[in-house]
Amino acid sequence: MVCGLIAAVVLARGSLLKAIAMVVLGLLLGLVGTDMNSGARRFNFGMTGLADGIEFVAISMAIYGIAEVVYNLEQKQVADVVAGALGRVWPSFADVKQCAGSILRGTGLGAVLGVLPGGGALLASFAAYTVEKRVASAPRQFGNGDIRGVAAPESANNAGAQTSFIPMLTLGIPGNPTMAMMIGALMIHGIAPGPRVMTDRPGLFWGLIASMWLGNLMLVVLNLPMVGIWVRLLRVPYRLLYPAIIVFCYIGAYTINNKAFDVFVMSFFAIFGYVALKLDCEPAPLILGFVLGPMMEENLRRALLISRGDPIVFLQEPISLAFLVLAAGLLVVLAVPAIRVRREEALKE
């Protein structure tokens, strides 16, 4: 979990200091609620609605839904994203032949990087694009109509989205905000992801694997013939789209626990998320810190109880030692000026 949080800082866009601050703030927000050992209420300011902690759905939809909507309303957007007529949407044989190698390289790279906690699937898209620019004979065409610049990152993104389930199902560690939402949904139904989920709930585990195959098949069936319809949805005016998003966010936050308090929590974090976006603070590290914080605290305290308070136990086990060394290595990488400059250039691009 420490390695995942450090990786979230490494892969976050913008200032490293802001990314670290968002991770720490997410950890602090995760501490709100009832202490698991003593039963004492922590940091709830006397509000009974915070006795069980901050609702994950409320904070996630506030930051990724309402705050994004308000932030986008400030941007100068045209009324219709797609104004002209649509051209050919099916790739030709020449297009497929041109990007076949890019698809294979992107898929392999995404499958490997998607396993990494802390945004591996996002890293896969950037890495695949960078690799294609390096192997291309005319890299200047990327960004000016070269189909390989789309095929490789999308293949890596799809592969990374599938393999990001591996740490979530086997270790109970969400690698990105989407997997964090998946864990939240499973916990709502009383399912705790972890190493025993394959033996305790084999129907759920293998059903989820089968759903990936069926889901990808249905995506092909639906998207290829109907891609023109999906693109035309972009013509929906913003004045109709944004109010609908806000209404559904509030309905979703209320119906989780049927508590009006969650609506006020979401409103508060919507304002906070808007301010964070204005300050160029990426919300993904906060969400990862919020999800991993309580889990990290629970397992840290359990390990220290077993070791009678001796923290050296984390260095005696080879697996925990390897992850701590990896986390320390990532921090060293951040401290190297040349690598930090290359990171900023890659994320900017």
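The values are calculated or read from the model by the stated rules, or taken from the named source; none is laboratory data. None of these values were measured; they are calculated from a predicted model. Cβ: placed from backbone, ideal geometry, glycine included. Neighbour counts: every protein chain shown.
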Looking at (1) within 28 Å of residue 24 (Cβ to Cβ); (2) among the hydrophobic types (A, V, I, L, M, F, W, C); (3) in contact with an Asp or Glu (Cβ under 9 Å, 6 or more places away or on another chain); (4) loosely packed, with under 12 Cβ neighbours inside 10 Å, can you tell me which one residue 306 breaks? (3)
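Which of the residues spanning region 273-287 are over 19 Å from the mean Cα position of the chain (by Cα) and either in contact (Cβ under 8 Å) with a residue 40 or more places away in the chain or not assigned by TED's automatic domain parsing to the domain that holds residue 4 (or both)?
Looking only at region 273-287, we keep the residues that are over 19 Å from the mean Cα position of the chain (by Cα), and these are 275, 278-279.
Residues satisfying the conditions are 278, 279.
From the residues in region 252-266 that are of a type in the set (S, T, N, Q) and loosely packed, with under 15 Cβ neighbours inside 10 Å, which one is nearest to the chain's Cα centre (by Cα)? First the steps, then the outcome.
Within region 252-266, the first condition is being of a type in the set (S, T, N, Q), and the residues that meet it are 255, 257-258.
Restricting the remaining residues to those that are loosely packed, with under 15 Cβ neighbours inside 10 Å gives 255, 258.
Numbers: 255: 23, 258: 26 Å.
This residue is 255.
Is it the case, given these coordinates, that residue 153 is exposed (fewer than 15 other Cβ atoms within 10 Å of the Cβ), in contact (Cβ under 8 Å) with a residue 12 or more places away in the chain and of a type outside the set (Phe, Trp, Tyr)? Outline the logic, then answer.
Details: exposed (fewer than 15 other Cβ atoms within 10 Å of the Cβ): no; in contact (Cβ under 8 Å) with a residue 12 or more places away in the chain: yes; of a type outside the set (Phe, Trp, Tyr): yes.
Criteria not met by residue 153.
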Limited to region 1-16, what total is found for residues that are over 16 Å from the mean Cα position of the chain (by Cα) and modelled with pLDDT under 80? 3
